[in-house]
Amino acid sequence: MHNPSPLTPYPATVTKIVDETGDVKTFTVEFDDPQVMENFGNKPGQVAQLSVFGEGEATISITSAPTRGKFLEFSVRRVGRLTNVLHQIEAGQKIGVRGPYGNWFPYEMMKGKDLFFIGGGIALAPIRSLIDFALSDQYRKDFGKVEILYGARSYLDLCFKQDLFERWPNCPNTKVYTTLDRPEEGWEGHVGFVPNYVEEVNPSPDNKVAIICGPPIMIKFTLAVMEKLKFADEQIITTLEMRMKCGIGKCGRCNIGSKYVCIDGPVFNLAQLKELPPEY
């Protein structure tokens, strides 16, 4: 199907919906024209625009890895008018999808290295695509040990529970660390904030890349820990997809200094972020 404009969404069908938490749902989406998926060519770290016809659109990270099948997954937190409308959608309904937009996680730079993922709350979603890419049969040999450290306020706020407790821990040379902010009945795992847990785990910076995504306050304190652990700025990668709006550099809403997040990002290493004005 020919798309006459980069701002025109392709029609797609929601085929599956998973309630991750009380305010997060993961939507599995398939294009109505299979050829669109063949040409879509998304890479881990990229985003798309989801449209609810007659209501508007929102920038959402592509949560699924391209290695997982001929579908896309989007994890959406209910935080505003459009996401509230998305949460009312049922399997079988139509939406629009355009993209993919932005750059992607630097696969070539990561090859041969250990990967240490750090996520908090809904922010595991933007890095889940890279986790599944790295753990796929096709690409697992390209990476060393994979470690995933993830935290949330409570057990009910943990996203992707099947991944965290069943799928990822059973992958070769993979370790998953999960923590809750405070104790609760029935939880026998770690209790404490993500930055403190990172310091406890004490990852070595040797031949390792750290991929971090979470609330700003979590990232701030986690970066301080990574500096203490002697990680170089170039070894630390994050994503700023929440700043994107149109996806193609036209609206200017994601402009930070000389950079446009949708064109130059959303994936940046810490050295690149330090060159930006402080408002990022």
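Remarks
- Of all the listed residues (Glu234, Glu199), the sole one being in a helix (DSSP H, G or I), closer than 22 Å to Ile122 by Cα, charged (D, E, K, R) and not assigned by TED's automatic domain parsing to the domain that holds Ala58 is Glu199.
- The listed residue being closer than 30 Å to Leu82 by Cβ, under 17 Å from the mean Cα position of the chain (by Cα), of a type outside the set (A, V, I, L, M, F, W, C) and surrounded by 15 or more Cβ atoms within 10 Å (Cβ to Cβ), out of Tyr155, Tyr107, Tyr150: Tyr150
- Residues that are farther than 27 Å from Lys161 by Cα, assigned by TED's automatic domain parsing to the domain that holds Phe74 and modelled with pLDDT of 95 or more are absent from region 19-26 altogether.
- Applying the set (1) without any contact (Cβ under 8 Å) to a residue 60 or more places away in the chain; (2) basic (Lys, Arg); (3) touching a helix residue (DSSP H, G or I) at 6+ places or on another chain (Cβ under 9 Å) to Arg68 leaves exactly one unmet item: (1).
- Being free of Cβ contacts under 8 Å to residues at least 40 places away in the same chain and surrounded by fewer than 22 Cβ atoms within 10 Å (Cβ to Cβ) is a description that does not apply to Gln93.
- Selection count where residues are β-branched (Val, Ile, Thr) and within 15 Å of the chain's Cα centre (by Cα), scope region 29-49: 1
- Selection from region 144-186 of residues that are aromatic (Phe, Trp, Tyr), farther than 14 Å from Ile211 by Cα and in contact (Cβ under 8 Å) with a residue 24 or more places away in the chain: Tyr155, Phe160, Trp168, Tyr177
- Of residues in region 45-75 being in a loop (DSSP other than H, G, I, E, B) and modelled with pLDDT of 95 or more, the one surrounded by the fewest Cβ atoms within 10 Å (Cβ to Cβ): Phe71
- The lone exception for Ala210 - which of (1) outside any strand (DSSP E or B); (2) in contact (Cβ under 8 Å) with a residue 40 or more places away in the chain; (3) hydrophobic (A, V, I, L, M, F, W, C) it fails: (1)
- Within region 183-218, the set of residues being surrounded by 20 or more Cβ atoms within 10 Å (Cβ to Cβ) and under 18 Å from the mean Cα position of the chain (by Cα) comprises Val194, Val209, Ala210, Ile211, Ile212, Cys213, Gly214, Met218.
- One residue from Leu164, Leu130, Leu82 being assigned to a helix (DSSP H, G or I) and under 14 Å from the mean Cα position of the chain (by Cα): Leu130
- Being surrounded by 15 or more Cβ atoms within 10 Å (Cβ to Cβ), in contact with a Pro (Cβ under 6 Å, 6 or more places away or on another chain) and among the polar types (S, T, N, Q) is a property that Ser136 lacks.
- Residue in region 7-23 that is surrounded by 22 or more Cβ atoms within 10 Å (Cβ to Cβ), of a type in the set (A, V, I, L, M) and either outside any helix (DSSP H, G or I) or over 17 Å from the mean Cα position of the chain (by Cα) (or both) present: yes
The values are calculated or read from the model by the stated rules, or taken from the named source; none is laboratory data. Computed from a predicted model, the values in this text were never measured in an experiment. No Cβ is skipped: glycine too gets one built from the backbone with ideal geometry, and neighbour counts run over all protein chains shown.
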